[in-house]
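Reading through the structure tokens given below for one structure.
The values are calculated or read from the model by the stated rules, or taken from the named source; none is laboratory data. Bear in mind the structure is a predicted one, so any value in this text is a computation, not a measurement. Quick reminder, even Gly has a Cβ in these numbers, built from the backbone with ideal geometry, and neighbours come from all protein chains shown. Accessible surface is based on the protein model in full, side chains and every heavy atom, while ligands, DNA and RNA are left aside. Shrake-Rupley method; radii C 1.70, N 1.55, O 1.52, S 1.80 Å.
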Amino acid sequence: MIDPPRIRCRSVSLDDSRFPDGFHPTLQRILLGRGVTELKPLTLGNLHGPGLLGGIAEAAGLLADAVCESQDILIAGDFDADGATGTALAVLALRDLGASQVRFRVPNRFEFGYGLSPGLVDSLKPEIPDLLVTVDSGIACHDGVKMARDLGSKVIITDHHLPGDSLPGANAIVNPNCSEDGFPSKALAGVGVMFYVLGAVRAQLRQRGWFSAKRNEPNLARYLDLVALGTVADMVPLDFNNRILVNGGMQRIRAGHARAGILSLLRAGKRDYRHVVASDLGFTVAPRLNAAGRLEDMSIGIRCLLSEDHEEAGAWVQQLEEYNISRRQMQAQMQDEAMRQLQELLRNIKEKTRLPPCVCLHDTHWHQGIVGLVASRVKDALHRPAIVFAPESEDSDLLKGSGRSVRGMHMRDLLAHVDSHHPGLILHFGGHAMAAGLTLKAEDLERFKAALDESAKVVLDGRQLSREIVTDGELAAADLNLDFAQQIRDLGPWGQQFPEPLFEGAFEVLDQKIVGGAHLKMVLRPADGHEPVDAIAFGTLPEELPSKNALRALFHLDVNHFRGDRSCQLRIEHLVSI
């Protein structure tokens, strides 16, 4: 019932190339396949200027006033890694710029829910700030913004989520995804938006003569490690602009100039900061940071990022590590239960050749902080958009849902279609093309499932969601070496919509053994008889090999660092029947 993936090689033409003479043709093919036709250095000087980012002048003016007048500034963050890094960035940089009163508040998802909610604003009443600045949220928080302004705060929204039909009544809004905003990159993460705003604040203060011999003008590039972490963690597309930001942060991390908390999180994940790549941030650091927001309070993660002391940061990381262990245990149990529900769903499908266009799962015992992770696994298993629901709390009649989608189905647009045709069914929703969140009444779940199925069919308009793996073709055996692996690594950072090169190849298996209890370590010889090369297939056992002596694989060419040595290694992603 679930079709095997179709494997397709990217089709590119070297005629489009504007690369220098002598640049390796395979590297040209890799970049052309990702829309890059020439080599441009990933330097800060090549960033898009802030001038076309709507609302940034107004926001910078308000923040510059607040700095110069010693106003009380409150940063209202979000409970994921993007929000946490953006909040830490804002607090640290504003202090560097000379702000004397800067504090932060991040909503506890179990108490206040997402964003600048009325409940969160109400909790600020004893100490209403002069200026309230949101990070990675706020674009859908009409009631919270109005309440804050009625209480006397000026409000700046910095966000990157897609807006609804109307905008909140803030004093300034900075969001590249607002209608008619002229900023060239719509892919900025929340932390990236905040980085731009802070740069504009520094420019305003410079014009006002704020900096002097006694007050140095700060170099905001020192915080690019935070920008890189939040950008990678939020899985926004790595367009050229975001690649510059991430590359700058990676350089700082590799030089040992990162925040103490980031270095401690890398150590907890057994990653060497000197050789860190973007995937280490996404799969090692971000889950540990996110665990606090999923299970408890993201303020712990933010304090870890704010810490200047390595010992103190290590203590915060220990707490985060404990949360992450609990998160993994809960996730494993929820995924097992979700897969059992899926098996029952598939057994009940009358038309055995067709899966539903979108899958909804729910259990009264599931945890709302974990549903997004489970939705992602379900999406990967079925290659269908998936929404997973959990109760808001034990005594609530509301459900919190988190959706993950696949290419060809825009998750937020899908929910907007449901909302427009069934007004009031969804109480709240928001998000991106690939991920979204929503709130329902528990009694409306079955009605929502029917409405979602109906809307998904309309949005698809007869198209099928077929699973496809896109490769960069065959790699010559002569290029299976450390030098070429390093050249590929140097072309990064790789990530969302700028994927790490994936190659195809046939090999003879010379040796194999299990390492780490669940990973297959092999020595392979290319089919043309070239020199053997090491390979590893994570989460694969010998019985899963298509043949005892030969295999065809889709793989990444990687640099393996082990006990001070560097070597070429194939990181196998898929085993293909020969």
Subject >> Accessible-area value, Arg377, 1.4 Å probe, nucleic acids and ligands omitted, Å² >> reply: 120
Subject >> In nm, spacing of pseudo-spin labels at Ser326 and Val458 (7 Å Cα→C-beta vector) >> reply: 4.2
**OP:** May I ask which residue of Asn108, Leu460, Leu188 lies farthest towards the positive end of the charge dipole of the chain, with charges of +1 (Lys, Arg) and -1 (Asp, Glu) on Cβ and the Cα centre as origin?
**Re:** Leu188
Subject >> Most to least accessible of Arg294, Arg252, Arg267 (protein chains only, probe 1.4 Å) >> reply: Arg267, Arg252, Arg294
Original post:
Taking the Cβ of Arg208 as the center, what net charge do the other residues with Cβ under 14 Å away carry, scoring Lys and Arg +1 and Asp and Glu -1?
Top reply: 0
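To the nearest 500 deg cm²/dmol, what mean residue ellipticity at 222 nm is calculated for the chain from DSSP H runs of n ≥ 4 alone, each contributing -39,500 (n - 2.57), summed and divided by the residues?
On the way: 16 runs with 210 residues, N = 578.
For the chain, the value works out to -11500 deg cm²/dmol.
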**OP:** Find which of Pro118, Gly98, Pro50 sits farthest along the positive direction of the dipole of segment 10-121, computed with +1 on the beta-carbon of Lys and Arg, -1 on that of Asp and Glu, about the Cα centre.
**Re:** Pro50
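What's the local net charge at Val277, with K and R +1, D and E -1, over the other residues with C-beta under 12 Å away?
On the way: positive: Arg254, Arg271, Arg274, Arg489, Arg571; negative: Asp272, Asp280, Asp490, Glu500, Asp558.
The answer is 0.
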Subject >> Cα-centre dipole for segment 248-386 with unit charges at Cβ (Lys and Arg positive, Asp and Glu negative), debye to 20 >> reply: 720
Subject >> Proportion of all alpha-carbon pairs of the chain beyond 30 Å (%) >> reply: 55
Original post:
What is the distance, in nm, between label points placed 7 Å from the Cα along the Cα-to-Cβ direction at Ala527 and at Asp380?
Top reply: 2.8
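What do you reckon, how do Trp210, Trp366 stack up by accessible area (1.4 Å probe), largest on top?
Sorted by accessible area, descending: Trp210, Trp366.
Please give the net charge around Ala260, taking every other residue with its beta carbon less than 9 angstrom from that of Ala260, where Lys and Arg add +1 and Asp and Glu add -1.
With Lys, Arg at +1 and Asp, Glu at -1, the net is -3.
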Original post:
Which listed residue (Trp366, Thr85, Ala550) has the Cα farthest towards the positive end of the charge dipole for the chain, taking +1 on Lys and Arg C-beta and -1 on Asp and Glu C-beta about the Cα centre?
Top reply: Ala550
Original post:
From the square roots a ≥ b ≥ c of the eigenvalues of the alpha-carbon gyration tensor of segment 242-323, which class results: rounded (a/c under 1.5), prolate (a/b over b/c), or oblate?
Top reply: prolate
Original post:
How much solvent-accessible surface does Phe23 expose, in Å² to the nearest 10, with a 1.4 Å probe and all protein chains in place?
Top reply: 40
Original post:
Using a 1.4 angstrom probe and counting only protein chains, how large is the accessible area of Glu443 in Å², to 10?
Top reply: 150
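Which order do you get for His417, His310 if you rank them by accessible area with a 1.4 Å probe, largest at the top? Kindly include the intermediate steps, with their values, before the conclusion.
Working: His417 40, His310 95 Å².
Putting His417, His310 in descending order of accessible area: His310, His417.
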**OP:** Could you calculate the contour length gain from Asn549 to Arg34, that is, 0.36 nm times the residue separation minus the distance between their Cα atoms, to one decimal place in nm?
**Re:** 181.9 nm
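Please say if segment 1-126 is rounded, prolate or oblate, where rounded means a/c under 1.5 for a ≥ b ≥ c the square roots of the C-alpha gyration tensor eigenvalues, and otherwise the choice is prolate for a/b larger than b/c and oblate otherwise? Please report the intermediate quantities before stating the final value.
Values: a/c = 3.84, a/b = 1.78, b/c = 2.16.
Oblate.
How much FRET efficiency would the formula 1/(1 + (r/R0)^6) give for Ala213 and Lys441, where r is the Cβ-Cβ distance and R0 is 51 Å, rounded to 0.05? Mind showing how you got there, number by number?
Values: r = 62 Å, r/R0 = 1.21.
Taking R0 as 51 Å, the efficiency between Ala213 and Lys441 is 0.25.
About its Cα centre, how strong a charge dipole does segment 62-167 have in debye, to the nearest 20, once Lys and Arg get +1 and Asp and Glu get -1 at the Cβ?
Working: 8 positive and 16 negative charges, 33 e Å.
Here segment 62-167 has a charge dipole of around 160 debye.
Starting from the Cα-Cα distance between Thr364 and Gln318, subtract it from 0.36 nm times their residue separation and give me the gain in nm to one decimal. Mind dumping the intermediate values first?
On the way: separation 46, 0.36 × 46 = 16.56 nm, distance 3.06 nm.
Length difference between fully extended and current span is 13.5 nm.
For segment 188-293, what is the convex hull (Cα atoms) projected area averaged across all directions, in square nanometres? Let's see the in-between values first.
Values: hull surface 30.3 nm².
Its Cα hull, projected and averaged over all orientations, spans 7.6 nm².
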**OP:** With N denoting the number of residues in segment 453-578, provide Rg(C-alpha) divided by 2.2 N^0.38 Å, to two decimal places.
**Re:** 1.24
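In debye to the nearest 20, how big a dipole does the chain give about its Cα centre with +1 on each Lys and Arg Cβ and -1 on each Asp and Glu Cβ? Write out the running numbers ahead of the final one.
Details: 62 positive and 74 negative charges, 137 e Å.
Value, rounded to 20: 660 debye.
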**OP:** Please give the per residue accessible area of the chain, computed with a probe of 1.4 Å over protein heavy atoms only, in Å².
**Re:** 45
Original post:
Mean Kyte-Doolittle of at least -0.5 and a Cα length of 24 Å or more along the axis: which whole DSSP H helices of the chain meet both?
Top reply: 190-207
Original post:
Roughly how many percent of the accessible protein surface of segment 195-290 is carbon and sulfur, given a 1.4 Å probe and a whole-percent answer?
Top reply: 48
Original post:
So how far, in whole Å, is the C-alpha centre of segment 459-474 from the one of segment 109-177?
Top reply: 39
Subject >> segment 37-122 - percent of accessible surface contributed by carbon and sulfur, probe 1.4 Å >> reply: 52
Original post:
Extension gain Phe562-Gln333, at 0.36 nm per residue separation less the Cα-Cα distance, in nm?
Top reply: 79.1 nm
